[in-house]
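The values are calculated or read from the model by the stated rules, or taken from the named source; none is laboratory data. Computed from a prediction, not measured in an experiment: that's the story for all the values here. Neighbour counts run over all protein chains shown; Cβ positions are idealised from the backbone, glycine included. For the accessible areas, the whole protein counts, side chains as well, though only heavy atoms, and no ligand, DNA or RNA atoms are used. Shrake-Rupley method; radii C 1.70, N 1.55, O 1.52, S 1.80 Å.
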Amino acid sequence: MQSLLEQLKKSVSEALVSAFGTELTSSAPLVVPASNPKFGDYQSNVALSLPKKLKIAPRSIAEKIVENLKVDNFCETPTIAGPGFINFTIKPTYLATQLTTIQTDNRLGIEPVRSPQRIIVDYPSPNVAKEMHVGHLRSAIIGDCLARILEFVGHDVLRISHIGDWGTPFGMLIAYLKEAYPEALTTTEELNLGELSTFYRQAKKRFDEDENFREAARLSVVQLQAGDRETLLAWKIVCELSSRSYQKIYDLMGLSPEIEARGESFYNPFLPEIVTELEKLGLLEESDGAKCVFLEDFTNREGEPLPLIVQKSDGGYNYATTDLAAIRYRVNVDKVQQVIYPVGSEQRSHFAQIFQVGKRAGWITENHQFIHAYFGLVLGEDGTKLKTRSGEAIKLKELLDKAITLARKDLETRLQQEEREETEEFIDRVSQVVGISAVKYADLSQNRTSDYKFSYQKMLALQGNTAPYLLYAYVRVQGISRKGNIDFTKLTTDTQILLQEATEITLAKHILQLGEVITEVEKDLLPNRLCQYLFELSQKFNQFYDRCPILQADEPSRTSRLVLADLTARTIKLGLSLLGISVIERM
RNA sequence: GGGUGCGUAGCUCAGGUGGAUAGAGCAACUGCCUUCUAAGCAGUCGGUCACAGGUUCGAGUCCUGUCGCACCCGCCA
């Protein structure tokens, strides 16, 4: 089903051509949702942009466009206002037909894209042996959301976690494992190495304090790269241990199970080829013993061109080399058209640099889009980087647990006030969904590109643009179904939908805008637009709910309103699922 | 020093391709529960869009400069 916005754009474009000729075929119709509902539902600003080109006054242009517009099948007669805005109002009868169409559709009328692409979303990419912390929060939440949306609209999405499982720190970890848990290498039994973060901290401590240990660590790196059997085994043990640890967090967060771990070690065999290929292409230069590609438009402190080091003076490779190998592999082997990296904005220049080299090497062509979907920092309530009192990064697990605990406290208080009795199972389930949803929604509802302040109190608030507010709107609809013994799936498809009250019409229009919003998010990769839409949908539903009795209404209003309520709930459910958030029937 | 981004209501934040009187939420204040969960709804209050110029019929949005804040800047990832 074509969205109302698309239909209008098409109509305006056609009217432009029939009014002023084919030279306007490629002019954008400039149709957007109305800036103020009193003007209508949509507006076109195109007449204001053409006076110079056409040498006609904007209002006359608008008049000619309106004369040539053929929209009377779905729109009231367009009006011209102010300097030349063309305002459109959708006919309620048309809205009713559209709602009837989507009522039987699981996808709520949203068609898959015409040309699906293969797309990699690279998240959440933690580092082995380091516990996941707030820094991974946004990558996980945003990456998961973008992957879900792209997949929903029909793309072939690969979720690849580019785990930090190689490089210098591993020498330290392996040396520590050999020293502290030598039995790990000889037994097949599963070992309890304690908390991962403790393991890492102890290894780091030994590394910082003991010169001999540092030497052992360096040796381990060499052995690892040389493929020494025992060292590889130690490496594997550490990797598997952390893999289990972050799988627990993924499950708690409800991340897509399809995430494929493909760490830096995977690209290890290709690193020498990267260097030789760059050399063949004449992009490589040697500087202070390191092999570098000198970058265009990047300079160092002295204003000289900045190098991207692909092979260190000691012969080793670094993360830029691995990232380049990943780019090449993804293009040549995975055959992707698009790769999305949801990674912090502090790495903007790093990505700009590797993308530049990828392009100059000919791996990234005009048929590929490599996008750094960067995001801002998570700040504490004091506006500085979120950390514990002692200054360490907050563990992701602790952060999520705290949200769940606080959600549980809220729920228990309410149960007491309302003198409700609920099972322990119910309380567990609701606290978990509300707590996790609150954290995810608080993150996604912010513009991805800016920093935001993390506040449990605000994200768990029952009012405002929060997950609990949206979940409550959904729960209200389910309440109607329970109270009235209504099976929404059995509402007949020949139901006549009547849109009479202002709140009914407003709600209907909003339900039908989901497709426009998803198209936008697919393009801009800004999930906050979808959050904003769902928040407004919930507000409009609550207004409708307040204003229009449903179960007590006479037929045919009763059934019509039931359909409207059901469609609202299904829209919220679908929308939230695209954000990676699940719903509950009661709360 | 160079680079990138940000600065919008008391607070937290939206503002699409430059377009109509700059929007939400929170907080504060005022109403609305014999009626599907009031976890709601209706309303009031609140703005020199950091500052100064410029481009434009039109600037929160584009350009230049100034101030403030954050992040990045050769062999860590």
State the extension gain, in nm to one decimal, for the chain segment bounded by A:Thr388 and A:Glu260, taking 0.36 nm per residue of separation less the distance between their alpha-carbons.
43.0 nm
What nm value, rounded to one decimal, do you get for the distance between A:Lys70 and A:Ala226 when each label is placed 7 Å out toward the C-beta?
7.9 nm
Hey, can you find the accessible area per residue of region A:169-259 for me, probe 1.4 Å, expressed in square angstrom?
57 Å²
How much length would be gained if the chain were fully extended between A:Ser26 and A:Lys409, taking 0.36 nm per residue of separation minus their Cα-Cα distance, in nm to one decimal?
132.1 nm
Spatial extent of region A:98-243: Rg and Dmax, with the Cα atoms as the point set, Å:
21.9, 75
Distance in nm between label sites at A:Glu240 and A:Gln543, each 7 Å beyond Cα in the beta-carbon direction?
5.9 nm
Using a 1.4 angstrom probe on the protein heavy atoms only, line up A:Met587, A:Met132 by accessible area, largest first.
A:Met587, A:Met132
Length-normalised contact order of region A:174-301, Cα under 8 Å, at least 6 apart, in percent, tallies to 19 percent
Could you list the GluC sites (Glu not before Pro) in region A:462-539 that lie in coil according to DSSP, counting only those with at most 15 other Cβ atoms within 10 Å of their Cβ?
A:Glu501
Ordering A:Leu377, A:Leu308 by accessible area with a probe of 1.4 Å, largest first, what comes out?
A:Leu377, A:Leu308
Simple spin-label estimate for A:Arg218 and A:Glu422 in nanometres, 7 Å along Cα-Cβ:
5.9 nm
Compute the signed sum of charges (Lys and Arg +1, Asp and Glu -1) over the other residues within less than 9 Å, Cβ to Cβ, of A:Leu498.
0
How big is region A:314-374 in terms of Cα radius of gyration and Dmax, in angstroms?
11.5, 36
When ligands, DNA and RNA are left out and all protein chains stay put, how many square angstrom of accessible area per residue does region A:396-579 have with a 1.4 Å probe?
45 Å²
Residue by residue, what Karplus-based ³J(HN,Hα) values in Hz, rounded to whole numbers, does region A:254-260 have, using 6.51, -1.76 and 1.60 with θ = phi - 60° and x for Gly and Pro?
x, 6, 4, x, 7, 4, 9
In this structure, the FRET efficiency calculated for A:Ser115 and A:Lys453 from their beta-carbon separation, with R0 = 35 Å, to the nearest 0.05, is 0.30
The equivalent-ellipsoid semi-axes of region A:243-307, taken as the square roots of five times the Cα gyration tensor eigenvalues and listed largest first in whole Å, are 38, 18, 10
Residue by residue through region A:383-397, what is 3J(HN,Hα) from phi via Karplus (6.51 cos²θ - 1.76 cosθ + 1.60, θ = phi - 60°)? Round to whole Hz and write x for glycine and proline.
x, 9, 3, 5, 7, 6, 4, 7, x, 8, 5, 6, 5, 4, 4
Using a 10 Å Cβ count of at most 15 others and DSSP loop calls, identify the longest part of chain A lacking such trypsin sites (Lys or Arg not before Pro).
A:115-300
Percentage relative contact order, chain A, counting C-alpha pairs under 8 Å, at least six apart
14 percent
Computed FRET value (nearest 0.05) for A:Gln202 with A:Asn318, which takes r as the C-beta separation and R₀ as 30 Å:
0.70
Among the DSSP beta bridges whose two residues both lie in chain A, what percent are antiparallel, rounded to the nearest 5?
55 percent
Efficiency by 1/(1 + (r/R0)^6): what FRET value for A:Lys335 and A:Ser287, r their Cβ-Cβ distance, R0 = 35 Å, to the nearest 0.05?
0.50
Report, in degrees rounded to the nearest 10, the 0 to 90 angle that the Cα long axis of helix A:134-152 makes with the longest principal axis of chain A.
50 degrees
Average projection area in nm² (convex hull over Cα atoms of chain A, one quarter of hull surface)
33.9 nm²
Candidates per GluC sites (Glu not before Pro) in region A:204-277, loop by DSSP, up to 13 other Cβ within 10 Å
A:Glu258
Chain A - percent of accessible surface contributed by carbon and sulfur, probe 1.4 Å
48 percent
Nonlocal amide H pairs with A:Val157, under 5 Å, H built at 1.01 Å
A:Ile119
Taking only protein heavy atoms and a 1.4 Å probe, the highest-to-lowest accessible-area order of A:Leu8, A:Leu54 is A:Leu54, A:Leu8
Relative to chain A, whose Cα atoms define the longest principal axis, helix A:424-444 and its Cα axis are tilted in degrees, nearest 10, by 90 degrees
Compactness relative to 2.2 N^0.38 Å, alpha carbon Rg of region A:4-90:
0.96
Expected field for A:Leu173, accessible surface area in Å² at 1.4 Å probe radius, rounded to 10, holds 0 Å²
Going by alpha carbons, how many degrees (0 to 90, nearest 10) lie between the helix axis of A:528-547 and the longest principal axis of chain A?
40 degrees
Region A:169-259 - Kirkwood radius from inverse mean 1/r over Cα pairs (Å)
14.0 Å
Taking H placed 1.01 Å from N in the peptide plane, check which residues at least 5 places from A:Phe370 or on another chain put their amide H under 5 Å from its amide H.
A:Val339
Can you give me the long-range amide H partners of A:Leu306? Hydrogens built in the peptide plane at 1.01 Å from N, cutoff under 5 Å, separation of 5 or more residues or another chain.
A:Leu295, A:Phe298, A:Thr299, A:Asn300
